[in-house]
């Protein structure tokens, strides 16, 4: 099991230092979150809290994930990066394919697309994309992105997108992994059709239920023999070395946790504190797992 550091809510100017230190200390991943805008009013409640209020404020900085990853990839050697999660159907698929292909080539294939379907209709309106049927559109987007990444002359005539014969270069030398976030049945089925699943914060018992359902869907899709990432947050009942070992034994492949939380810090703590926490956590947990 590897460890991932989520950099949501951190000052964007700190990300390269965080990535460089994480790379030196043996972490596996950096997880980069995404939002386009923060509207004055929300048409839908935030789906991941009981009261429907977002875990972030209107002043939270959301740097573009691909620009942030490119900067962090430039100061690291082994560290990998995934979006946690990128609001895919709020974007144009050809643009996303170009960003991903370029970044994959220039980072030596250290990037993965962590896709979510989104919940904020205002974000879709700002991006010029429809909110309705975003799941079905995202499925076609993922197929189109994979086709564009072949580097060959292709055509695409789908329900939502229609492209004449064209070619996109540069092309990645290997497929860019696709991870899917969310815990609805549709999200779990979509993850099973791709390369990994990204959790929210759950108990170990809840995670096991999700794992069992995903395994069933992967078997139905004929993909149970293929590599599959389970990228999970440290759970409410497994936040120490023994708990981390239980998660590893359950099949968690990457544990996403902010090291500074273990030492009384938060995303707004000084950079020096966060870097020290990254090193301490590496000594106390990463090296032992």
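Some notes on this structure:
- Qualifying residue in the stretch 187-210 (condition: touching a helix residue (DSSP H, G or I) at 6+ places or on another chain (Cβ under 6 Å), loosely packed, with under 15 Cβ neighbours inside 10 Å and assigned to a loop (DSSP other than H, G, I, E, B)): no
- Within this structure, residue 1 fails the test of being under 22 Å from residue 257 (Cβ atoms) and crowded, with 22+ Cβ neighbours inside 10 Å.
- Selection of strands (runs of 3 or more DSSP E) fully inside the stretch 38-157 by the criterion of at least 3 residues being in contact with a strand residue (DSSP E or B) (Cβ under 9 Å, 6 or more places away or on another chain) and over 28 Å from residue 193 (Cα atoms) returns nothing.
- Checking every residue in the stretch 165-176 against the condition of being over 23 Å from residue 215 (Cβ atoms), part of a helix (DSSP H, G or I) and under 17 Å from the mean Cα position of the chain (by Cα) gives zero matches.
- Single unsatisfied condition, residue 10 versus (1) surrounded by 22 or more Cβ atoms within 10 Å (Cβ to Cβ); (2) within 16 Å of residue 279 (Cβ to Cβ): (2)
- Filtering 35, 109 for residues that are within 22 Å of residue 122 (Cβ to Cβ), at pLDDT 95 or above and either under 16 Å from the mean Cα position of the chain (by Cα) or buried (at least 22 other Cβ atoms within 10 Å of the Cβ) (or both) leaves a single hit, 35.
- Residues considered: 271, 247. Of these, the only one that is over 19 Å from residue 23 (Cα atoms) and at pLDDT 95 or above is 247.
- Filter pass, residue 65 being without any contact (Cβ under 8 Å) to a residue 40 or more places away in the chain, closer than 30 Å to residue 158 by Cβ and surrounded by 14 or more Cβ atoms within 10 Å (Cβ to Cβ): yes
- Flag set for residue 26, criterion: surrounded by fewer than 16 Cβ atoms within 10 Å (Cβ to Cβ), at pLDDT 95 or above and either touching a strand residue (DSSP E or B) at 6+ places or on another chain (Cβ under 9 Å) or on the phi > 0 side of the Ramachandran plot (or both).
- Residue in the stretch 255-267 that is in contact with a strand residue (DSSP E or B) (Cβ under 7 Å, 6 or more places away or on another chain) and part of a helix (DSSP H, G or I) present: yes
- In the set (1) farther than 26 Å from residue 34 by Cβ; (2) out of contact with any helix residue (DSSP H, G or I) (no Cβ under 6 Å at 6 or more places or on another chain), the condition left unmet by residue 224 is number (2).
- Of the residues making up the stretch 74-97, those that are buried (at least 18 other Cβ atoms within 10 Å of the Cβ) and farther than 20 Å from residue 17 by Cα are 85, 86, 87, 88, 89, 90, 91, 93, 96, 97.
The values are calculated or read from the model by the stated rules, or taken from the named source; none is laboratory data. Only a predicted model underlies this, so the values are computations on that prediction, with no experimental measurement involved. All Cβ positions, even for glycine, are placed from backbone atoms using ideal geometry, and neighbour counts span all protein chains on display.
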